[in-house]
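I have placed the structure first, in the form of structure tokens, so that the comments after it can refer back to it.
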Amino acid sequence: MEKNDIEELRTRVGCAAVLEHEGFAIDRKESTRRAVKFRRDDDIVIVIHDDRGWFDARSDAKGDVFALASYLHGIGFAESLAVVGDLVAFQPTAPTWEKPLRQTQTGASVADRWNHRKRPWRASATWSYLRHNRALPWQVISAAIEADVLREGPYRSMWAKHVDEAGAVIGWEERGPEWRGFSTGGAKALFRFGKVDARRICVTEAAIDALSLAAIEQTRSDTLYVSTGGGWSPLTAQALETLASGVSFGR
């Protein structure tokens, strides 16, 4: 198959078609416009990028529609072309978004939504996720809560705060046993944990990584642990430049 034919096939068949054809169904309660959750018994796949990408909520598997066909059937790329090609005429069920629309119409700001959520506490769902699923020491979890960078998210998830140069919340990373994403309507800059005027900065991809590194290093007093939230926005670049300009590289 020519490259142009492959690209056309990728355009005409979305991930939802592959999943629905294989017996998955949309979990509307736990889906959003940007991330549609599909379930089949204990299997969970999240469809993203306007139906062009996906990831397995319980593993590192991810990719495009061909990678999805390969993943579900245990086949190679060449065979996945045939599987996807057979679904050109298949029309998956279109999701409805009445509930998310009503939530959007409330007009709640990012800061209001953050402040509405409780801080985690011992034995809370988020505490259990961080302590048992992610094996973070209680000392690190407690320090992060004390620093006011975490909130209880839905479905045992953690919200990890991103702030602007003034320290105001502008968004948050969302990570849980069956979910990962970023706040709807929020902006990525940096998640920050540790010494504000640090002479050492450790940059990670996710807030969980930042907290895990802090745990490994026993939260060094000279270090600021930050996360980009899996992206690299202009605000992220600006924040890192500002932080780096205040760091001494003499030692």
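Here residue 24 meets the list (1) over 27 Å from residue 155 (Cα atoms); (2) surrounded by 13 or more Cβ atoms within 10 Å (Cβ to Cβ) almost entirely, failing just condition (1). Flag: residue 152 does not match the condition of being surrounded by 15 or more Cβ atoms within 10 Å (Cβ to Cβ), closer than 20 Å to residue 37 by Cα, modelled with pLDDT under 95 and out of contact with any Gly (no Cβ under 6 Å at 6 or more places or on another chain). Scanning region 135-168 for residues that are within 16 Å of the chain's Cα centre (by Cα) and charged (D, E, K, R) yields 151, 152, 156, 161. Looking at region 172-251, the strands (runs of 3 or more DSSP E) lying wholly inside it that each contain 2 or more residues that are under 16 Å from the mean Cα position of the chain (by Cα) sit at 179-182, 190-194, 223-227.
The values are calculated or read from the model by the stated rules, or taken from the named source; none is laboratory data. In this text the structure is predicted, and so the values were computed from the model without any measurement. Don't worry about glycine lacking a Cβ; one is built from the backbone with ideal geometry, like all the others, and counts go over all protein chains shown.
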